[in-house]
1. Once the Cα atoms of helix 85-96 and of the chain are each reduced to a long axis, what angle between those two axes, in degrees from 0 to 90 to the nearest 10, is obtained?
2. Based on the Cβ-Cβ distance from Lys275 to Gln177, what FRET efficiency comes out when R0 is 25 Å, to the nearest 0.05?
3. Divide by every residue of the chain the summed helix terms, -39500 (n - 2.57) for each DSSP H run of at least 4, and state the resulting mean residue ellipticity at 222 nm, rounded to the nearest 500 deg cm²/dmol.
4. Which of Val127, Val77, Val180 has the fewest other C-beta atoms within 10 Å, and how do the rest follow up to the most?
5. Could you check what % of the DSSP bridge pairs in the chain are antiparallel, to the nearest 5?
6. At 0.36 nm per residue, and after removing the present C-alpha to C-alpha distance, how many nm does the segment from Leu40 to His26 gain when stretched out fully?
7. Quick one: which residues, 5+ away or cross-chain, put their amide H under 5 Å from the amide H of Gly28? H built at 1.01 Å from N.
8. Quick query: amide H of Arg187 versus all other amide H atoms, modeled in the peptide plane; which residues come in under 5 Å with a sequence gap of 5 or more or a different chain?
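Read the figures in this text as sums done on the coordinates, not as results from a lab. These numbers were taken from a predicted model, which means no experiment stands behind them. Positions of Cβ are generated from backbone atoms using ideal geometry, with glycine treated the same way; all protein chains shown enter the neighbour counts.
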Amino acid sequence: MSFDKLTGNDALTKQLRGIACSGNIHNGYIFEGPWTADKLTAAKAFAKAVLCTVKPGEGCDSCRICRAIDDDAHMDVVFVEAENADTQKAKEKAEFGEDPVFKKKKNSVKSIRDAKIEDVIGRLNKVPIEGDRNIAIIKDADTITLRAFNRLLKTLEEPHEGTIIMLLSENIENLPQTIVSRCVHLRVLPSDVPKNVKEKKLADKLVAQIAEGEPYYLVKNTIEKIGNEKTEIYTVLDCMEGIYREMLLSKDVKRDLERLSRAIEMIEEARDRIKRNRNTAYALKSMALRIGG
Ligand SMILES: [Zn+2]
């Protein structure tokens with residue numbers, strides 16, 4: 001089944017299955033997760049669960065509809081992702097015969113052109129061809145310009161019946177509040193990849209040390225073992241978040257609810273600080289101290 005591919009995302013799978021089975025489907029969804037998290041597979045699994053007629057609410061992964069979604073070939077599912085500025089320039093040059101000026105957003109090399117979003121809106125405004133729903137999966141939503149977001153907002157405010165817009169984002173704070181407030185927020189975690197064993201071990205150790213209230217200098221020693229590469233730091237943070245989220249899912253959690261939610265909040269804050277190029281070691285140490293409370 002298509003949801004089986006979402007390893008390490010039991011909570012999300014349960015949530016998506018529930019939505020797809022209930023038939024009570026919202027118009028906007030945000031799939032938020034770090035670059036290491038497979039947000040696209042999650043979005044496609046959801047689209048399959050909604051459109052598949054062999055296994056409704058689940059997706060069979062083998063019928064024509066499911067396979068078309070996998071291959072970006074379904075007539076009612078439009079998929080968009082960011083392109084390199086150079087590719088964009090070349091395309092626009094071919095279209096307009098001149099070199100347009102590109103405004104880069106958040107220094108990212110890749111971004112989604114406004115025209116692409118216009119295409120998506122155009123598709124969503126048409127009657128679905130194969131079934132009764134039009135679905136848009138927008139990868140790299142973090143790179144959409146404010147102008148295009150405003151156009152998208154109109155579609156979210158007055159959608160055609162059966163419209164589903166899925167925005168795939170690395171950080172929900174990159175999206176305007178007006179969009180966020182109209183969407184259901186889903187969190188995608190990275191699946192445990194064996195190559196990240198070192199990061200996973202460090203995350204396990206940190207969580208254990210904090211839980212056992214070990215002296216700060218020991219916690220600090222573990223933090224100092226994390227390399228300077230941002231991808232490595234993010235992986236440790238993602239693993240830690242995964243551990244706390246798993247704890248949240250376990251049955252006997254009531255008394256720890258507040259502590260665990262707070263831990264996740266602190267991890268998100270640390271991730272955000274590091275993204276903003278604040279002092280990494282300080283962000284991690286302060287996170288550990290504050291989770292420990
Ligand atoms: Zn199917």
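1. Between helix and principal axis, roughly 10 degrees.
2. Working: r = 18 Å, r/R0 = 0.74.
Computed FRET efficiency for Lys275 and Gln177: 0.85.
3. -16000 deg cm²/dmol
4. Listed from fewest to most nearby Cβ atoms, that is Val127, Val180, Val77.
5. 10 percent
6. Numbers: separation 14, 0.36 × 14 = 5.04 nm, distance 1.83 nm.
Extra length from Leu40 to His26 when fully extended: 3.2 nm.
7. Answer set, sorted by chain and number: Ile165, Val184.
8. For Arg187, whose amide H was placed from the backbone, the distant partners under 5 Å are Glu32.
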